[in-house]
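Working notes for the structure below.
The values are calculated or read from the model by the stated rules, or taken from the named source; none is laboratory data. Everything numeric in this text was worked out from a predicted model, so none of it was measured. Neighbour counts run over all protein chains shown; Cβ positions are idealised from the backbone, glycine included.
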Amino acid sequence: MARISGDHRKPFYSWADLIGIDFVREYAAKAMGKAVEGIYHDGTTYYRTTGYGHWRGFAKEDLCAHLRVDRGLSSQKQGDQPSEVDRAVAFIQNWAGIDGAAPFIFQQPGIIRRPGGTFLNTHTGRVLAPSAEPAQWGADGSFPWLSKYFDGLFDPHEQLEFFLSWLSRFYKGAYELNLESGQNIFLLGVAGIGKTLLSQAILSRLMNGSCDAEDFLLGKTRFNSQLFEVALWTIDDNSANVDQTTHKKFSAMIKRMAANTMFTHEQKFRTPATVSWSGRVFVTANSDESSAKIVPDLTISVLDKLMLFKASSTPAVAFPPRQKLTAILDRELPHFARFLLDFKIPEHCVGTARYGVKAFHESSLLQTAEQSSESGSFLEIVDDWANDYFNGKPDLFWEGTAYQFVKLLHQGDIAAAAALRSITPNFVSRQLMILSAKGRVDSRSAGSMRIWRINRPQKRKAPGDNIPITAKPIISAPEERAAFAAAV
């Protein structure tokens, strides 16, 4: 209890000051009874559940009608006293205030407290219910069609264990209302193999829905409220042909969606709220070089935050007409869900506590993605320049600043100079840093400048080899680094 005597700094003491705010809140709640139960206010909008059990925001006039019709409160004043409806609205504003309402996907329902305030979790969805009995994989198991589909989906087959480990963690966390972070998925393969079936039918049904995230992830819109209603965001095949600037934004977003858990939930005409989201992005694309450009820039420390899976070239199952396929999924998906719930991640697939599963990258896709990247294109420039520069020279390496390298590039023939007109020292410096991280070039500090070193290229010795000359990774051994340091 607050002390009053001798303290004249505060002229007025409320009942909350005198007997405690928790007591006042409890007393007021009992006085109002169920008239205001489950109604919250964020300063603008009143939230309650509908007859379907979904949270929805209402204006004050709509709330007052609800209090009169559904909760039996009177809007008639008793003399100079406020009406029951007025008192109920005042109570909600005083004691049921929240800082925002937003979906916190597959987290505990109701009122939750997060950094920044108290929020109403409006998400009420649940994953597909698993079957009660244990499920067995295979032709004689509980989901034979899905078993055969998954067994033939990946080439090489070793990818399947990593995929099932990823999916098991995803489904199990959502089922237990404790969804944790995981990698985003890129599945590349020929058309007609069943990639879209996986994202739009199988995964979407398991996870209680999905949403096309192309516009948001490509930076075409900032409004994302519908996305945070689901844990699975999809992009399907048609977003590969984007310009370099858009691709950089997309790459950064893919990294962010796996690295972060707190995001701004923005809906038109509503107060933005910070929500906790630990869902997944699932991207499907064809495996040709052009379509593979949808894979994010791998030079931005993103590899641990995504998985690259390669689909088989031929389907292992026959895809029946839509109605029959729907019936198969209706019958088998609950058993597959039980399999995922009981699945134990193999030791060689176990990853860090952050993501739970090791990030898998199919080698041929990884190579294609690197070759299609901006740094891959720049490496081609470096290799071509090195072949010309060292031709007829005894030098073992070239050294200089990024600006000096740009000048050398522009000293080539007229056609080459025109093609490299947009190359700037800042761009070259960034790309050389990326190649340095890959061991293709090295550098040292010289006062305020950075000096780069490019080794003389060496030909590969395969018989009849027509592969272009490439630069040898330099200074890989400690003794080589010591010799280089002594030389400079």
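For residue 132, indicate whether it is surrounded by fewer than 18 Cβ atoms within 10 Å (Cβ to Cβ), over 30 Å from residue 179 (Cα atoms) and of a type outside the set (Asp, Glu). Walk me through it before giving the result.
Values: surrounded by fewer than 18 Cβ atoms within 10 Å (Cβ to Cβ): yes; over 30 Å from residue 179 (Cα atoms): no; of a type outside the set (Asp, Glu): yes.
Answer is no for this residue.
Per-residue answers, yes or no, for (1) over 16 Å from residue 338 (Cβ atoms); (2) aromatic (Phe, Trp, Tyr); (3) modelled with pLDDT of 95 or more; (4) buried (at least 18 other Cβ atoms within 10 Å of the Cβ):
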position: 181; (1), (2), (3), (4): yes, no, no, yes
position: 185; (1), (2), (3), (4): yes, no, yes, yes
position: 202; (1), (2), (3), (4): no, no, yes, yes
position: 213; (1), (2), (3), (4): yes, no, no, yes
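Restricting to segment 315-333, name every residue that is assigned to a loop (DSSP other than H, G, I, E, B) and surrounded by 10 or more Cβ atoms within 10 Å (Cβ to Cβ).
In the first step, residues of segment 315-333 are kept if they are assigned to a loop (DSSP other than H, G, I, E, B); the result is 315-321.
Scanning segment 315-333 gives 315, 316, 317, 319, 320.
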Search result, residues across segment 64-84 that are exposed (fewer than 12 other Cβ atoms within 10 Å of the Cβ), part of a loop (DSSP other than H, G, I, E, B) and either not polar (S, T, N, Q) or not assigned by TED's automatic domain parsing to the domain that holds residue 41 (or both): 70, 72, 79, 80
Filter pass, residue 61 being assigned by TED's automatic domain parsing to the domain that holds residue 86, among the acidic types (Asp, Glu) and in a loop (DSSP other than H, G, I, E, B): no
Residue identified as over 23 Å from the mean Cα position of the chain (by Cα), outside the structural domain of residue 180 (by TED's automatic domain parsing), farther than 30 Å from residue 202 by Cβ and not charged (D, E, K, R) among 129, 139, 88, 135: 88
Condition broken by residue 378, with the remaining ones in (1) in the same structural domain as residue 422 (by TED's automatic domain parsing); (2) touching a strand residue (DSSP E or B) at 6+ places or on another chain (Cβ under 6 Å); (3) not hydroxyl-bearing (Ser, Thr, Tyr) satisfied: (2)
Answer residue from segment 262-279, given it is among the β-branched types (Val, Ile, Thr) and under 13 Å from residue 103 (Cα atoms) and is modelled with the lowest pLDDT among those: 274
Hey, residue 346 over 22 Å from the mean Cα position of the chain (by Cα), in contact (Cβ under 8 Å) with a residue 24 or more places away in the chain and crowded, with 16+ Cβ neighbours inside 10 Å or not: no
Verdict on residue 447 being outside the structural domain of residue 155 (by TED's automatic domain parsing), in contact with a Pro (Cβ under 9 Å, 6 or more places away or on another chain) and on the phi > 0 side of the Ramachandran plot: no
Selected residue [of a type outside the set (D, E, K, R) and buried (at least 17 other Cβ atoms within 10 Å of the Cβ)] from 217, 160, 177: 217
